[in-house]
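*Asks:* Here it is: the structure, laid out below.
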Amino acid sequence: AIDFARPLAMLLLDVVHWVPDADGPAAVVARLRSSLLDDSYLVLSHATSDGLPPATIAALADPAGGIVPRSAREIAAYFGDLALVKPGLVPLPDWRPTGPAPEPAGPAAATGGAGREVTVLGGVGHYR
């Protein structure tokens, strides 16, 4: 059982980009984040719209259940006042808090709707 009276890590991996703008993803994440106790962590990954042409973004946001890629700035805002753990909000292959760096990667690709590749950013916020 989860002991909500102790610090925990909240994992929102490959989740929030499925929440349409109309459902208020920023408010949803803020509400979840507000439940964190001191020394807890929020781990989040999200497809980014940075560098994608508008036609690709529109194709990914299929009303039948597509993803909503958002800008790095919008994604960073989900962490609120949490301190981002180094290296911060970066493409997933670049998120290495310890250990050797991986081979340089191209975009951190995931295949989104309609077979289009998108970059997925990840980060860890620490509540102190």
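*Asks:* At 7 Å along the Cα-to-beta-carbon direction for both Asp3 and Ala30, put a label point, then send me their distance in nm to one decimal.
*Replies:* My value for the distance between the label points is 3.2 nm.
*Asks:* How much net charge surrounds Val85 when only the other residues with a Cβ under 12 Å from the Cβ of Val85 are counted, with Lys and Arg +1 and Asp and Glu -1?
*Replies:* Around Val85, the surrounding residues sum to +3.
*Asks:* Out of residues 5 or more away from Asp50 or on other chains, whose amide H comes under 5 Å of its own, with H placed 1.01 Å from N in the peptide plane?
*Replies:* Ala72
*Asks:* Set the Förster radius R0 to 35 Å, insert the Cβ-Cβ distance between Ala22 and Asp94 as r into 1/(1 + (r/R0)^6), and round the FRET efficiency to 0.05.
*Replies:* On the way: r = 32 Å, r/R0 = 0.90.
After rounding, the FRET efficiency stands at 0.65.
*Asks:* Extension gain Asp38-Lys86, at 0.36 nm per residue separation less the Cα-Cα distance, in nm?
*Replies:* Extending this stretch completely gives an extra 15.4 nm.
*Asks:* Here's something else I'd like to know. Taking a ≥ b ≥ c as the square roots of the Cα gyration tensor eigenvalues, with a/c under 1.5 meaning rounded and otherwise prolate when a/b beats b/c, else oblate, which class fits the range 1-67? If you can, show how the numbers build up before the last one.
*Replies:* On the way: a/c = 3.03, a/b = 2.50, b/c = 1.21.
Judged from the Cα gyration tensor, the range 1-67 comes out prolate (a/c at least 1.5, a/b above b/c).
*Asks:* Follow-up question, since we're still on this one. Measuring from label point to label point, each 7 Å out along Cα→Cβ, what is the Met10 to Ala64 span in nm?
*Replies:* 3.3
*Asks:* Please list 3J(HN,Hα) in residue order for the range 23-32, calculated via the Karplus relation 6.51 cos²θ - 1.76 cosθ + 1.60 where θ = phi - 60°; whole Hz, with x for glycine and proline.
*Replies:* 8, x, x, 5, 5, 4, 5, 4, 5, 4
*Asks:* Given a 1.4 Å probe and heavy atoms of the protein chains only, how would you sort Phe79, Phe4, largest accessible area at the top?
*Replies:* Phe4, Phe79
The values are calculated or read from the model by the stated rules, or taken from the named source; none is laboratory data. Note that the structure is a prediction, hence the values are computed from the model and not measured. Glycine also receives a Cβ, built like all others from the backbone with ideal geometry; neighbour counts cover every protein chain displayed. Surface areas here come from the heavy atoms of the whole protein model, side chains and all, with no ligands, DNA or RNA. Shrake-Rupley method; radii C 1.70, N 1.55, O 1.52, S 1.80 Å.
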